[in-house]
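Scroll down for the structure; my scribbles are underneath it.
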Amino acid sequence: MRHSFRRLALLFAALVVQGAAAEEILIAAASNFAAPMTELVQRFEQDTGHEVELAFGSSGRFYAQISNGAPFQVFFSADQDKPAQLEADGLAVPGTRFTYALGSLVLWTADSARAVVGPESLTSVDYRRLALANPRLAPYGQAAVQVLEALDLDTATRAKWVQGENIAQTFQFVSTGNAELGFVAMSQVAEDGRISSGSGWIVPQDLHSPIRQDVVLLQNAAGCRACRDFLAFARGAQARAIITSYGYRLE
(Lines give C-alpha, C1' and ligand atoms only; values in the text may rest on other atoms or scores of the structure.)
Protein backbone atom coordinates (compact mmCIF):
# COMPACT_ATOMS: atom_id res chain seq x y z
CA MET A 1 0.00 0.00 0.00
CA ARG A 2 2.83 2.36 0.95
CA HIS A 3 4.54 1.68 -2.38
CA SER A 4 1.27 2.33 -4.24
CA PHE A 5 0.87 5.72 -2.56
CA ARG A 6 4.47 6.53 -3.36
CA ARG A 7 3.98 5.68 -7.06
CA LEU A 8 0.83 7.82 -7.17
CA ALA A 9 2.65 10.70 -5.49
CA LEU A 10 5.49 10.51 -8.01
CA LEU A 11 3.03 10.36 -10.90
CA PHE A 12 1.14 13.39 -9.56
CA ALA A 13 4.39 15.29 -9.12
CA ALA A 14 5.42 14.48 -12.69
CA LEU A 15 2.09 15.75 -14.01
CA VAL A 16 2.39 18.96 -12.02
CA VAL A 17 5.89 19.56 -13.37
CA GLN A 18 4.74 18.82 -16.92
CA GLY A 19 1.83 21.23 -16.56
CA ALA A 20 4.05 23.91 -15.10
CA ALA A 21 6.50 23.50 -17.96
CA ALA A 22 3.82 23.87 -20.66
CA GLU A 23 4.11 27.15 -22.54
CA GLU A 24 2.16 29.10 -25.13
CA ILE A 25 3.79 30.06 -28.41
CA LEU A 26 2.70 32.76 -30.88
CA ILE A 27 3.75 31.93 -34.44
CA ALA A 28 3.40 34.02 -37.59
CA ALA A 29 3.33 31.89 -40.73
CA ALA A 30 3.05 32.61 -44.43
CA SER A 31 -0.39 31.86 -45.89
CA ASN A 32 0.90 29.21 -48.30
CA PHE A 33 1.96 27.10 -45.31
CA ALA A 34 -1.39 27.20 -43.50
CA ALA A 35 -2.46 23.58 -44.08
CA PRO A 36 0.81 21.83 -43.16
CA MET A 37 1.44 24.23 -40.28
CA THR A 38 -1.97 23.44 -38.78
CA GLU A 39 -1.15 19.73 -38.91
CA LEU A 40 2.33 20.28 -37.47
CA VAL A 41 0.91 22.23 -34.56
CA GLN A 42 -1.66 19.55 -33.79
CA ARG A 43 1.06 16.90 -33.59
CA PHE A 44 3.36 19.13 -31.53
CA GLU A 45 0.64 20.04 -29.03
CA GLN A 46 -0.32 16.37 -28.62
CA ASP A 47 3.28 15.34 -28.02
CA THR A 48 4.38 18.16 -25.70
CA GLY A 49 1.39 19.75 -23.98
CA HIS A 50 2.50 23.18 -25.21
CA GLU A 51 -0.11 25.41 -26.84
CA VAL A 52 0.46 27.22 -30.12
CA GLU A 53 -1.44 30.22 -31.43
CA LEU A 54 -1.14 30.76 -35.17
CA ALA A 55 -1.47 33.84 -37.36
CA PHE A 56 -1.42 33.49 -41.16
CA GLY A 57 -0.80 36.24 -43.67
CA SER A 58 1.63 37.72 -46.16
CA SER A 59 5.31 37.58 -45.30
CA GLY A 60 5.74 41.24 -46.16
CA ARG A 61 2.97 42.26 -43.80
CA PHE A 62 4.42 40.14 -40.99
CA TYR A 63 7.87 41.60 -41.55
CA ALA A 64 6.47 45.12 -41.14
CA GLN A 65 4.51 44.14 -38.02
CA ILE A 66 7.50 42.44 -36.38
CA SER A 67 9.69 45.45 -37.20
CA ASN A 68 7.12 47.61 -35.41
CA GLY A 69 7.00 45.49 -32.26
CA ALA A 70 4.38 42.81 -32.91
CA PRO A 71 4.75 40.12 -30.20
CA PHE A 72 5.28 37.12 -32.50
CA GLN A 73 7.85 34.65 -31.24
CA VAL A 74 8.56 32.53 -34.33
CA PHE A 75 8.29 33.61 -37.95
CA PHE A 76 7.77 31.09 -40.79
CA SER A 77 8.29 33.22 -43.89
CA ALA A 78 7.64 32.38 -47.53
CA ASP A 79 11.13 33.56 -48.43
CA GLN A 80 14.67 33.88 -47.09
CA ASP A 81 15.07 37.63 -47.33
CA LYS A 82 12.75 38.74 -44.56
CA PRO A 83 14.05 36.39 -41.82
CA ALA A 84 17.61 37.30 -42.83
CA GLN A 85 16.79 41.01 -42.63
CA LEU A 86 15.20 40.58 -39.20
CA GLU A 87 18.40 38.85 -38.10
CA ALA A 88 20.48 41.72 -39.49
CA ASP A 89 18.21 44.22 -37.71
CA GLY A 90 18.78 42.50 -34.37
CA LEU A 91 15.16 41.35 -34.17
CA ALA A 92 15.87 37.62 -34.60
CA VAL A 93 18.16 35.25 -32.72
CA PRO A 94 21.35 34.57 -34.70
CA GLY A 95 21.89 30.95 -35.66
CA THR A 96 18.23 29.93 -35.45
CA ARG A 97 17.29 30.55 -39.09
CA PHE A 98 16.94 27.59 -41.48
CA THR A 99 15.05 26.61 -44.65
CA TYR A 100 12.02 24.55 -43.67
CA ALA A 101 10.54 24.08 -47.17
CA LEU A 102 11.03 24.76 -50.87
CA GLY A 103 7.80 25.93 -52.45
CA SER A 104 6.29 25.05 -55.81
CA LEU A 105 4.08 27.26 -57.96
CA VAL A 106 1.05 26.03 -59.91
CA LEU A 107 -0.99 27.73 -62.63
CA TRP A 108 -4.41 26.49 -61.54
CA THR A 109 -8.11 26.62 -62.25
CA ALA A 110 -10.93 25.35 -60.07
CA ASP A 111 -12.89 24.43 -63.20
CA SER A 112 -12.07 20.79 -63.98
CA ALA A 113 -13.60 21.23 -67.45
CA ARG A 114 -10.84 23.73 -68.28
CA ALA A 115 -7.60 21.85 -68.99
CA VAL A 116 -4.49 23.67 -67.81
CA VAL A 117 -1.57 21.73 -69.24
CA GLY A 118 1.06 24.38 -69.83
CA PRO A 119 1.87 28.03 -70.47
CA GLU A 120 -0.35 28.05 -73.56
CA SER A 121 -3.30 28.39 -71.20
CA LEU A 122 -2.07 31.93 -70.50
CA THR A 123 -2.42 32.91 -74.17
CA SER A 124 -6.00 31.70 -74.43
CA VAL A 125 -8.67 34.32 -75.08
CA ASP A 126 -11.34 32.54 -73.02
CA TYR A 127 -10.37 33.86 -69.57
CA ARG A 128 -10.85 37.33 -68.14
CA ARG A 129 -8.85 37.33 -64.92
CA LEU A 130 -5.48 35.93 -63.84
CA ALA A 131 -4.93 35.92 -60.07
CA LEU A 132 -1.54 36.27 -58.44
CA ALA A 133 -0.33 37.38 -55.03
CA ASN A 134 0.92 40.92 -54.62
CA PRO A 135 4.60 40.68 -55.61
CA ARG A 136 5.53 43.50 -53.20
CA LEU A 137 4.26 41.51 -50.21
CA ALA A 138 4.27 37.83 -51.15
CA PRO A 139 7.20 35.75 -52.48
CA TYR A 140 4.79 33.55 -54.46
CA GLY A 141 3.61 36.70 -56.21
CA GLN A 142 7.21 37.60 -57.03
CA ALA A 143 7.70 34.13 -58.47
CA ALA A 144 4.53 34.43 -60.56
CA VAL A 145 5.74 37.68 -62.12
CA GLN A 146 9.12 36.07 -62.84
CA VAL A 147 7.33 33.22 -64.65
CA LEU A 148 5.33 35.62 -66.79
CA GLU A 149 8.48 37.60 -67.61
CA ALA A 150 10.39 34.42 -68.49
CA LEU A 151 7.56 33.41 -70.85
CA ASP A 152 7.41 36.97 -72.25
CA LEU A 153 3.76 37.16 -71.23
CA ASP A 154 3.85 39.80 -68.52
CA THR A 155 2.80 42.66 -70.81
CA ALA A 156 0.23 40.56 -72.70
CA THR A 157 -1.52 39.41 -69.52
CA ARG A 158 -1.12 42.46 -67.26
CA ALA A 159 -4.59 43.86 -67.97
CA LYS A 160 -6.06 40.59 -66.60
CA TRP A 161 -4.13 40.56 -63.32
CA VAL A 162 -6.02 40.59 -60.04
CA GLN A 163 -3.78 40.63 -57.01
CA GLY A 164 -4.43 39.09 -53.62
CA GLU A 165 -2.67 40.51 -50.58
CA ASN A 166 -1.34 37.03 -49.93
CA ILE A 167 -1.46 33.59 -51.51
CA ALA A 168 -4.52 32.60 -49.44
CA GLN A 169 -6.57 35.45 -50.91
CA THR A 170 -5.21 34.62 -54.36
CA PHE A 171 -6.37 31.02 -53.98
CA GLN A 172 -9.78 32.28 -52.88
CA PHE A 173 -10.12 34.33 -56.07
CA VAL A 174 -9.55 31.22 -58.17
CA SER A 175 -11.42 28.68 -56.04
CA THR A 176 -14.58 30.82 -56.09
CA GLY A 177 -14.39 31.41 -59.84
CA ASN A 178 -13.80 35.16 -59.53
CA ALA A 179 -10.62 34.51 -61.51
CA GLU A 180 -10.57 31.71 -64.05
CA LEU A 181 -6.82 31.17 -63.67
CA GLY A 182 -4.28 31.90 -61.00
CA PHE A 183 -0.79 31.22 -59.73
CA VAL A 184 -1.18 29.46 -56.38
CA ALA A 185 1.02 27.42 -54.07
CA MET A 186 1.05 23.71 -54.79
CA SER A 187 0.35 23.08 -51.11
CA GLN A 188 -3.09 24.65 -51.59
CA VAL A 189 -4.20 22.26 -54.32
CA ALA A 190 -2.13 19.13 -53.70
CA GLU A 191 -2.71 15.93 -51.83
CA ASP A 192 0.15 13.45 -51.49
CA GLY A 193 2.14 15.51 -53.97
CA ARG A 194 -0.51 15.51 -56.73
CA ILE A 195 -3.08 18.11 -57.76
CA SER A 196 -6.31 16.93 -56.16
CA SER A 197 -8.95 19.20 -57.72
CA GLY A 198 -9.50 21.39 -60.74
CA SER A 199 -6.71 21.42 -63.28
CA GLY A 200 -3.20 22.78 -63.04
CA TRP A 201 0.26 23.08 -64.52
CA ILE A 202 3.13 22.69 -62.06
CA VAL A 203 5.50 25.47 -63.08
CA PRO A 204 9.05 24.29 -63.83
CA GLN A 205 11.52 25.46 -61.21
CA ASP A 206 13.79 27.07 -63.81
CA LEU A 207 11.18 29.71 -64.67
CA HIS A 208 11.52 31.50 -61.33
CA SER A 209 13.92 31.96 -58.46
CA PRO A 210 13.78 29.18 -55.86
CA ILE A 211 11.05 29.76 -53.28
CA ARG A 212 13.20 29.02 -50.26
CA GLN A 213 11.09 29.40 -47.15
CA ASP A 214 12.97 30.21 -43.95
CA VAL A 215 11.94 30.23 -40.30
CA VAL A 216 13.61 32.18 -37.51
CA LEU A 217 13.26 32.57 -33.75
CA LEU A 218 12.50 36.19 -32.88
CA GLN A 219 14.55 38.06 -30.32
CA ASN A 220 11.72 38.54 -27.81
CA ALA A 221 11.52 34.72 -27.54
CA ALA A 222 15.23 34.04 -27.12
CA GLY A 223 14.57 32.32 -23.80
CA CYS A 224 11.44 30.46 -24.88
CA ARG A 225 12.15 26.74 -24.46
CA ALA A 226 8.90 25.70 -26.16
CA CYS A 227 9.75 27.85 -29.19
CA ARG A 228 13.10 26.11 -29.58
CA ASP A 229 11.37 22.76 -29.12
CA PHE A 230 9.01 23.60 -31.95
CA LEU A 231 11.87 24.56 -34.25
CA ALA A 232 13.58 21.26 -33.45
CA PHE A 233 10.32 19.43 -34.14
CA ALA A 234 9.97 21.23 -37.50
CA ARG A 235 13.33 19.77 -38.57
CA GLY A 236 12.48 16.23 -37.53
CA ALA A 237 11.41 13.24 -39.60
CA GLN A 238 7.74 13.42 -38.61
CA ALA A 239 7.47 17.08 -39.61
CA ARG A 240 9.38 16.55 -42.85
CA ALA A 241 6.96 13.81 -43.87
CA ILE A 242 4.01 16.12 -43.27
CA ILE A 243 5.61 18.97 -45.20
CA THR A 244 6.41 16.88 -48.27
CA SER A 245 2.90 15.44 -48.31
CA TYR A 246 1.66 18.92 -49.19
CA GLY A 247 3.84 19.19 -52.27
CA TYR A 248 6.85 20.97 -50.82
CA ARG A 249 10.41 19.92 -51.47
CA LEU A 250 13.15 19.73 -48.85
CA GLU A 251 16.87 20.32 -48.93
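The values are calculated or read from the model by the stated rules, or taken from the named source; none is laboratory data. Because the structure is a prediction, the values reported are computed rather than measured. Note: ideal-geometry Cβ built from the backbone for every residue, glycine included; neighbour counts use all protein chains shown. SASA here: full protein model, heavy atoms, side chains in, ligands and nucleic acids out. Shrake-Rupley method; radii C 1.70, N 1.55, O 1.52, S 1.80 Å.
Think of the chain as having a plus end and a minus end, set by charges on the Cβ of Lys, Arg, Asp and Glu; of Val162, Ala131, Gln46, Gln46 sits farthest toward the positive end of this dipole.
In order along region 34-49, the phi-based Karplus estimate (6.51 cos²θ - 1.76 cosθ + 1.60, θ = phi - 60°) of 3J(HN,Hα) comes to 4, 5, x, 5, 4, 5, 4, 5, 4, 5, 5, 5, 4, 7, 10, x Hz; Gly and Pro are listed as x. Per residue, the accessible area of region 163-232 comes to 42 Å² when a 1.4 Å probe rolls over the protein heavy atoms. Each DSSP beta bridge with both residues in the chain is either parallel or antiparallel, and the antiparallel ones are about 55%. Looking at [x] 16.0; [y] 14.6; [z] 13.7, which value of mean projected area of the Cα convex hull in nm² comes from a calculation on the structure shown? It is the value labelled [x].
The Rg/Rh ratio of region 121-251, with Rg taken over Cα atoms and Rh as the Kirkwood radius over Cα pairs, comes to 1.04. Backbone amide hydrogens, once placed in the peptide plane, bring Val203 within less than 5 Å of Leu105, Val106, Leu107, excluding anything fewer than 5 places away on its chain. Region 100-125 and region 147-166 have Cα centres lying 13 Å from one another.
Out of Phe62, Ile202, Ala226, whose Cα points farthest toward the positive end of the dipole of the chain (charges: +1 Lys, Arg; -1 Asp, Glu; placed on Cβ)? Highest projection toward the positive end goes to Ala226.
In order along region 56-67, phi translates into HN-Hα couplings of 10, x, 7, 4, x, 5, 5, 4, 5, 5, 5, 4 Hz, rounded to whole numbers, per the Karplus curve 6.51 cos²θ - 1.76 cosθ + 1.60 with θ = phi - 60° and x for Gly and Pro. A simple charge model with +1 on the Cβ of Lys and Arg, -1 on the Cβ of Asp and Glu and nothing else charged puts the dipole of the chain at about 660 debye relative to its Cα centre.
Helix 225-234 and the longest principal axis of the Cα set of the chain meet at an angle near 50°.
Would you mind counting up the charge near Thr48? Only other residues with Cβ under 14 Å from its Cβ, with Lys and Arg at +1 and Asp and Glu at -1. Each step should come with its number before you reach the end.
Details: positive: Arg43, Arg225, Arg228; negative: Glu23, Glu24, Glu45, Asp47, Glu51, Asp229.
Value of the local net charge: -3.
Leaving out ligands and nucleic acids, note down the accessible area per residue over region 26-109 with a 1.4 angstrom probe, in whole Å². Let's see the in-between values first.
Working: 3050 Å² over 84 residues.
Roughly 36 Å² per residue, with all protein chains present.
May I ask you to order 69-78, 136-145 by the average number of other C-beta atoms within 10 Å around their residues, highest value first?
Numbers: 69-78: 21.7, 136-145: 24.5.
Taking the mean over residues of other Cβ atoms within 10 Å, the ranking is 136-145, 69-78.
Helix 139-150 versus the longest principal axis of the chain: what is the Cα-based angle in degrees, 0 to 90, to the nearest 10? Approximately 30 degrees, to the nearest ten.
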